[in-house]
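I have placed the structure first, in the form of structure tokens, so that the comments after it can refer back to it.
The values are calculated or read from the model by the stated rules, or taken from the named source; none is laboratory data. None of the values given here were measured: they were computed from a predicted structure. Please note: Cβ atoms are built from the backbone with ideal geometry, for glycine as well, and neighbour counts cover all protein chains shown. Side chains included, ligands, DNA and RNA excluded: accessible areas come from the protein's heavy atoms. Shrake-Rupley method; radii C 1.70, N 1.55, O 1.52, S 1.80 Å.
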Amino acid sequence: YAVANPNNLTEAVAAAVCLMGLAGEIGVKNMKEGEGNSSLRNRIIDAIYNMDAEKLNQGAKYEIR
């Protein structure tokens, strides 16, 4: 994100942090009974791969101070 937006590093880093948080939430939501850490890791990677701007904007949780 920082490389794609070097002139606004604060927004780039905030977007990256939001992406990781949202991907984690999606990964946990998609877990099945009996799955463990490696399944969660794979689900987070899948969530990142399938993330687009619309999903990120709808699901990101942040506040501006």
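Structure above, values below:
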| quantity | calculated |
| --- | --- |
| Qualifying trypsin sites (Lys or Arg not before Pro) for the stretch 1-56 [loop in DSSP, other Cβ within 10 Å: at most 15] | LYS32 |
| Stretchable slack from ASN37 to ILE64, in nm (0.36 nm times residue separation minus alpha-carbon distance) | 6.5 nm |
| Matching label, percent of Cα pairs over 17 Å apart computed from the structure shown, candidates (i) 50; (ii) 40; (iii) 45 | (iii) |
| Extension gain (nm, one decimal) between ALA16 and TYR49, 0.36 nm per residue minus Cα-Cα | 10.6 nm |
| Surface share of carbon and sulfur [accessible, 1.4 angstrom probe, percent] for the chain | 54 percent |
